[in-house]
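Notes to accompany the following structure.
The values are calculated or read from the model by the stated rules, or taken from the named source; none is laboratory data. Because the structure is predicted, anything quoted here is derived from the model rather than measured. Cβ coordinates were reconstructed from backbone atoms using ideal geometry, including for glycine residues, and neighbour counts include every protein chain displayed. Protein only, heavy atoms only, side chains kept; ligands, DNA and RNA dropped before computing areas. Shrake-Rupley method; radii C 1.70, N 1.55, O 1.52, S 1.80 Å.
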Amino acid sequence: MKDKKGFTVIELMVVGVFAALLLIIFFIQKSNVDAMNRDDDRKTAINAMYYALEEYFYPKNGYYPAEINEEILPVIDPALFTDPLGMNLGVDGSSYSYEVANCNSNNECREFTLRAALEKEDAYIKKGKK
C-alpha cells in the first residue's frame, strides 16, 4: 500500500464548518458588545445632562428649562446631545428624551425626566430632585 499525504474532503469540510461556526459566534458576540457600548454611551450622556441640570442650571436659575441644548447647558460636551446613532435630543427617532412638568408661563419648570432608550436593557431614566 502506498502512503498518501494530504487531507480528505471530509476533513476539509469539517474544518470549514468549524471555522464558519466560530465566525458566526464571533460576529454575534461583537454585535452584543457594540450594543452594550452604545448603551453605556447613552447612560453617560444622560448622567452628564442630569448633573448639568442639577449642579449648574438649577442652582443658578432656581428652575429647570423647558428644553435643553448646548446653549442652555454649556458645561457639557455638545456631542453628548447626539445619541450613538447620530440623532439629536428631541428629534423624532432619537434614543434621548427630555420631558418637563409643572411649568409656568415663562417656561420655568419644577420637574424633569431624562430618558434613554437602550438596546440591551430597559430604558435608563433620571428624574429631577427639586
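A few remarks follow.
- Filter pass, Arg42 being basic (Lys, Arg), open to solvent by 60 Å² or more (accessible area, probe 1.4 Å) and touching a residue at least 60 places away in the same chain (Cβ under 8 Å): no
- Residues that are surrounded by fewer than 12 Cβ atoms within 10 Å (Cβ to Cβ) and under 15 Å from the mean Cα position of the chain (by Cα), drawn from the range 93-107: Gly93
- Which listed residue, of Asn32, Asn69, is surrounded by 11 or more Cβ atoms within 10 Å (Cβ to Cβ), at pLDDT below 95 and part of a loop (DSSP other than H, G, I, E, B): Asn69
- Qualifying residue in the range 81-92 (condition: at pLDDT below 95, part of a helix (DSSP H, G or I) and open to solvent by 90 Å² or more (accessible area, probe 1.4 Å)): no
- Residue among Phe27, Phe81 that is farther than 20 Å from Lys129 by Cβ, among the aromatic types (Phe, Trp, Tyr) and in contact (Cβ under 8 Å) with a residue 24 or more places away in the chain: Phe81
- Flag if Leu114 is at pLDDT 95 or above, surrounded by 15 or more Cβ atoms within 10 Å (Cβ to Cβ), within 27 Å of Met36 (Cβ to Cβ) and among the aliphatic types (A, V, I, L, M): yes
- One residue stands out in the range 117-130 among those that are open to solvent by less than 70 Å² (accessible area, probe 1.4 Å) and in a strand (DSSP E or B): the one that is farthest from Asp39 (Cα to Cα), namely Lys126.
- The residues listed here are Tyr51, Tyr56, Tyr64; of these, the one that is open to solvent by 40 Å² or more (accessible area, probe 1.4 Å) and over 20 Å from the mean Cα position of the chain (by Cα) is Tyr56.
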